[in-house]
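The values are calculated or read from the model by the stated rules, or taken from the named source; none is laboratory data. These numbers were taken from a predicted model, which means no experiment stands behind them. Don't worry about glycine lacking a Cβ; one is built from the backbone with ideal geometry, like all the others, and counts go over all protein chains shown.
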Amino acid sequence: MAKIIGIDLGTSNSAAAVMLGGKPTLIPASEGTTVGGKAFPSVVGLTKDGQLIVGEPARRQAVTNPEGTVVAAKRKMGTDHVFKIYDKEYKPQQISAFILQKIKRDAEAFTGDKVEKAVITVPAYFNDNQRQATKDAGQIAGLEVVRIINEPTAAALAFGLDKLKQDMKIMVFDLGGGTLDVTIMEMGGGVFEVMSTSGDTQLGGTDMDKVLIDYIVDSFRKTSGIDISKDNAAMVRVREAAEKAKIELSSIFETDINLPFISYDPSSGPKNLELKITRAKFEELINPIVERCRPSVMKSLEDAKLSPGDVNKIILVGGPTRIPLIKKFVANLMGKEPEAGIDPMEAVALGAAVQAGIIGGEVTSDIVLLDVTPLTLGLEVLGGLREPIIDRNTTIPTSKSKVFTTAADNQTAVTIHVVQGERPMAADNVSLGSFNLSGILPAPRGIPQIEVKFDIDANGILNVTAKDLATQKEAKITITASTKLAKEDIEKMTKDAELFAEQDKKKKEDVMVKNEAQQAIYAAEHLISEQKDKISQDQGIKVSNAIKELRDVLDKSIDEIKPKLDLLTKLINEVSTELYKNATPPPGGAGQAGPEATQGDPGTTNQNTGNTQN
C-alpha cells in the first residue's frame with residue numbers, strides 16, 4: 001500500500017516526513033540543504049534558459065538572478081496575487097505546487113514507491129480561502145490532500161506520540177518565517193483537543209531579517225556614503241548574509257559579515273561591506289518584534305481560561321524559536337522552560353506524518369485529534385449586522401444551523417452573505433462569499449422559514465447550505481480560493497474587535513433600533529388593515545399619524561427615532577389591549593423578522609437575512 005506523507009509547507013522552509021517502522025521519519029531533500037536538518041528553502045526559480053529549479057538551487061541563483069526567483073509565496077496563498085517571472089505569470093497555488101512536486105519526487109525516491117496522497121499543514125489562522133488554495137496546490141502537484149491540519153496541532157502530535165497515557169496541557173508557540181501561531185491543547189487518553197488558538201499572520205522570522213538588513217545597509221551607508229538599498233543584486237547578497245548571521249547568532253556571540261565588491265565608487269573603486277554583529281546588538285534590534293508575540297500568548301491563555309502555571313509543557317516550533325532571546329521571552333512569560341530535544345524545524349512535518357499514519361492505518365486508532373476554527377463564522381442579516389453561526393474556538397469538524405426569514409412581503413429570493421471575523425457589523429469582517437436561494441413562495445414577510453446550515457470539515461473548509469423549509473428548495477456554496485478575497489491580517493481583525501468594541505456596540509444598537517422601528521411600522525399597518533372594523537376612528541387616526549411620524553425620522557439619529565418609536569409602540573399596545581377586552585381574537589401577524597426574532601426549533605433562530613430579491 002502506497003504511503004501517505006506529511007508535509008510542512010512553510011513560508012521560508014519546507015519539509016516532509018513519512019511513517020517508517022511506526023515512527024515518523026524525515027524525507028531528505030535530494031539536493032541537500034544549507035538550512036539544517038532535512039528542511040529546504042521554500043524558494044522557486046526559473047533560470048535564464050527556462051529551467052525550473054526549487055529549494056537550495058533556487059536560493060543560490062537568487063544572488064545572480066533575483067528577477068527569476070520567488071520567495072515566501074505562502075504569504076499570498078488564497079489571494080488573487082500574481083507572481084511575474086520574466087514574461088510568465090504564476091498564481092501562489094502554482095508556486096506552492098512546484099514546491100510540492102519537488103517533495104513528491106523526493107518522497108518517491110526515498111520510499112521507492114509512488115506517492116499520491118498527503119497531509120499538509122497550514123497556520124492555525126489560515127482562513128477558508130487559504131486552506132482551499134493549499135488543497136488546490138496539492139492537486140496541481142498531483143497529490144490528493146487527504147487532510148489539512150494546523151501546524152501547532154501537528155507539532156503537538158509529534159511531541160505526544162510516545163506520551164499517549166499522560167494527561168497534560170500543552171502550549172505550542174509556533175513562530176515561522178511569516179506567521180505566529182500560539183495554540184493551547186489538552187492531551188489525555190490519546191485525545192488531543194485544541195482549547196484555544198491565537199496568532200499574527202504578519203509576524204515571523206522575515207521581520208527579523210528585515211530589521212537586520214536595514215541595520216547592515218544603514219551601517220554601510222554611514223561608512224561608505226553609498227546607499228545600496230536600490231541595488232537589487234546587492235540587496236539579494238545582503239539578505240542572504242543577514243539570514244546567515246541570524247542563524248549563526250543563535251549559537252555564537254558574534255559573527256562577521258563580509259561581502260566583497262558590494263558596490264562601486266567611480267572616484268575610489270570597488271567597495272567591500274565588512275561588519276561585525278554581536279548577539280547583544282541583534283537582540284536589541286529584534287526585541288520590539290519579539291514583544292509583538294506577547295498579546296497572542298496572553299489571548300490564547302485567556303481564551304482557554306488558563307493561567308501560565310496551568311500549562312504543563314511548552315513546545316517551540318519554527319526556525320526563529322532557536323534564537324536565544326525568543327526562548328528566554330517564552331520562558332519568562334510562562335514561568336517555565338520550553339521542552340528540549342524537539343527540533344523546531346522538524347516537529348510540524350513529523351506531526352503531519354503522524355496524522356498521515358493515523359489516516360493510513362499505520363498509527364494506533366486510539367489517537368483522536370480535535371482541532372478548532374480560529375474565527376467566528378456567520379452571515380449578514382437585516383441592517384448589515386453579522387449573525388454568528390459558529391463561534392471561534394469551536395471544535396471541528398462541526399455543523400450548526402439557524403432558521404431565518406424574509407425582509408419584505410412576497411419576497412421570492414434571498415442572498416446569503418457569509419462572513420468571518422469578530423466584529424458585529426458584517427462589513428467590518430472578511431467576506432467569504434455569497435449565493436442566492438430563489439423559488440421562495442410569495443408570502444408576507446416573516447412567514448417563510450429558511451434554514452441556513454454551516455458545515456466545517458476536518459480540514460477547516462466551510463460549506464454553507466440554505467433551504468426553504470416549505471418547498472425544500474436549496475442552494476449551497478463551498479468557500480473556495482476562487483472566491484475573491486484580499487489577504488487579511490486576521491490577528492488585526494481580532495484586535496480591532498477589542499479596540500472598537502464600544503463603537504461597534506453603539507453602531508449595533510443603532511441598527512437594532514432602526515430594525516425595531518421598521519418592524520413596529522409593519523405591525524401597526526398590519527393591525528389597522530386587519531382590524532379596521534374593530535378600531536375606533538380616533539384610534540386609527542392616532543396610529544396612522546404615529547406611523548407617518550416614525551417613518552419620517554427613520555433616516556435620522558437614534559435620539560429622534562426612539563420617542564416616535566415609543567409612541568407608536570404605546571398606541572399599538574393600547575389598541576391591542578382594547579381588542580382583547582372586547583373578547584376579540586388578537587390580530588394575526590405575518591410573524592417576526594429581524595434580529596429580535598423569536599426562537600424556532602432548538603438551536604435555531606428566526607431572523608431576517610436583510611438581503612431581498614423580488
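Restricting attention to segment 208-262, the residues being of a type in the set (D, E), closer than 25 Å to V290 by Cβ and modelled with pLDDT under 90 number 2. Scanning segment 114-139 for residues that are farther than 19 Å from G204 by Cα and out of contact with any Leu (no Cβ under 8 Å at 6 or more places or on another chain) yields K114, V119, R131, Q132, A133, K135, D136, Q139. Taken over segment 374-385, residues that are assigned to a strand (DSSP E or B) and farther than 30 Å from A523 by Cβ amount to 1. The listed residues are A109, A137, A155, and the only one of them that is in a helix (DSSP H, G or I), hydrophobic (A, V, I, L, M, F, W, C), in contact with a Gly (Cβ under 9 Å, 6 or more places away or on another chain) and assigned by the TED database to the domain that holds A15 turns out to be A155. Only one of the numbered conditions (1) at pLDDT below 90; (2) of a type in the set (D, E, K, R); (3) closer than 24 Å to V146 by Cβ is violated by R60, and that is (3).
For segment 33-87, a tally of residues being assigned to a loop (DSSP other than H, G, I, E, B) and of a type outside the set (G, A, S) returns 18. The set of residues in segment 8-40 that are modelled with pLDDT of 90 or more and closer than 17 Å to G204 by Cα comprises D8, L9, G10, N13, S14.
Filter segment 169-193 down to residues that are assigned to a strand (DSSP E or B) and touching a Lys or Arg at 6+ places or on another chain (Cβ under 6 Å) and give me whichever is nearest to I289 (Cα to Cα).
Of segment 169-193, the ones assigned to a strand (DSSP E or B) are 169-175, 180-188, 191-193.
With the extra rule that they be touching a Lys or Arg at 6+ places or on another chain (Cβ under 6 Å), the set shrinks to 170, 186.
Values: I170: 24, E186: 29 Å.
Ranking the candidates gives I170 first.
Scanning segment 224-238 for residues that are out of contact with any Lys or Arg (no Cβ under 9 Å at 6 or more places or on another chain) and part of a helix (DSSP H, G or I) yields a total of 7. A single entry from S219, S196 fulfils the requirement of being farther than 21 Å from G319 by Cα, hydroxyl-bearing (S, T, Y) and in a helix (DSSP H, G or I): S219. Just one of K23, K76, K91 is under 23 Å from L157 (Cα atoms), surrounded by fewer than 24 Cβ atoms within 10 Å (Cβ to Cβ) and assigned by the TED database to the domain that holds I342; which is it? That would be K23, the only listed residue that is under 23 Å from L157 (Cα atoms), surrounded by fewer than 24 Cβ atoms within 10 Å (Cβ to Cβ) and assigned by the TED database to the domain that holds I342. For segment 104-126, filtering for residues that are closer than 16 Å to G360 by Cα, among the charged types (D, E, K, R) and more than 29 Å from the chain's Cα centre (by Cα) leaves 2. Where strands (runs of 3 or more DSSP E) fall entirely within segment 386-448, those with at least 1 residues that are buried (at least 17 other Cβ atoms within 10 Å of the Cβ) and in contact with a Pro (Cβ under 7 Å, 6 or more places away or on another chain) are at 398-405.
Looking at this structure, is P308 over 21 Å from S14 (Cβ atoms), free of Cβ contacts under 8 Å to residues at least 40 places away in the same chain and in contact with a helix residue (DSSP H, G or I) (Cβ under 9 Å, 6 or more places away or on another chain)? Answer is yes for this residue. In summary, F282 fulfils each of the numbered conditions (1) under 19 Å from L212 (Cβ atoms); (2) surrounded by fewer than 21 Cβ atoms within 10 Å (Cβ to Cβ) with the single exception of condition (2).
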